[in-house]
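The block underneath contains the structure these notes are about, expressed in structure tokens.
The values are calculated or read from the model by the stated rules, or taken from the named source; none is laboratory data. Keep in mind that this is a model prediction, so the values were computed, not measured. Every residue, glycine among them, receives a Cβ derived from its backbone with ideal geometry; neighbour counts consider all protein chains shown. Note: accessible area is taken over every heavy atom of the protein model, side chains too, but ligands, DNA and RNA are not part of it. Shrake-Rupley method; radii C 1.70, N 1.55, O 1.52, S 1.80 Å.
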Amino acid sequence: NNKNNKMSNFFGSGPSGPSPLTVAKAEAEILMDMFNRMTLTCSKKCIVTHNEPDLTVGEMACIDRCSYKYLEAQDKVGKLLADFQEQLKRQEAAGLQSYGPPIPK
Amino acid sequence: MDSFKNIPEYQKAEFLRHLEDQQIKDSLRMYNTLVESCFDKCVHVGWNGSLNSKQLTGTETSCISNCTEKYMKLTQRVGFRLTEYQALQAQKQP
């Protein structure tokens, strides 16, 4: 079930991790923030003219494409970040020097 | 949202209150974002723009009106696609 919970990529789950309530609150906030950013980004890319109050067919198609691409890009970035953090942990465990942001323990 | 299931019963009410507060803040934030976005797109003040008066021109006003309507419709559409995408992702995971 943890595979579905993307937040578990970033926080540990279990006794050493943050409480489920904290995780749920954080996830709700992140989701909202993501939605706001996606909406603003797609509005900048897709809505260029304001001659009428309705969305044109072209704009609607653009919005659909933009939304899906944004979400796919987000998944990719999430996976890459998680992989990178794994790599850093392994290096640190092996006693190798690692450069980059500190990993929360 | 998956992580909702993991919350102990006695804390679920607190989470729902948090969601409600978040919705309120977000509505206000959305209002500010909308104003800035439509102003950016519609109102051109400056050496190349409408220096003449302190009032919005007719063009600017109708542009802002259309911009606002379009943005609201866009927000709905994006929300729909997000739900759709999440449903598709859920189907992929066994």
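Structure summary
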item	result
Residue list for region A:37-61, restricted to those being open to solvent by 30 Å² or more (accessible area, probe 1.4 Å), more than 7 Å from every other protein chain (Cβ to nearest Cβ) and either of a type in the set (A, V, I, L, M, F, W, C) or in a helix (DSSP H, G or I) (or both)	A:Arg37, A:Thr41, A:Lys44, A:Lys45, A:Val48, A:Val57, A:Gly58, A:Ala61
Test result for B:Glu60, open to solvent by 70 Å² or more (accessible area, probe 1.4 Å) and assigned to a helix (DSSP H, G or I)	no
Residue satisfying condition, being out of contact with any Phe, Trp or Tyr (no Cβ under 8 Å at 6 or more places or on another chain) and either aromatic (Phe, Trp, Tyr) or without any contact (Cβ under 8 Å) to a residue 12 or more places away in the chain (or both), within set A:Gln87, A:Gln74	A:Gln87
Region A:24-38 residues that are at pLDDT 95 or above, paired with ones that are basic (Lys, Arg) (beta carbon under 8 Å, 6 or more apart)	A:Asn36/B:Arg29
Boolean, B:Tyr10 is within 11 Å of chain A (Cβ to nearest Cβ) and either in a loop (DSSP other than H, G, I, E, B) or not acidic (Asp, Glu) (or both)	yes
Any hit, region B:67-86, residues being more than 30 Å from A:Pro20 (Cβ to Cβ) and loosely packed, with under 15 Cβ neighbours inside 10 Å	yes
Selection status of B:Met1, at pLDDT 90 or above and either closer than 25 Å to A:Met38 by Cα or more than 10 Å from chain A (Cβ to nearest Cβ) (or both)	no
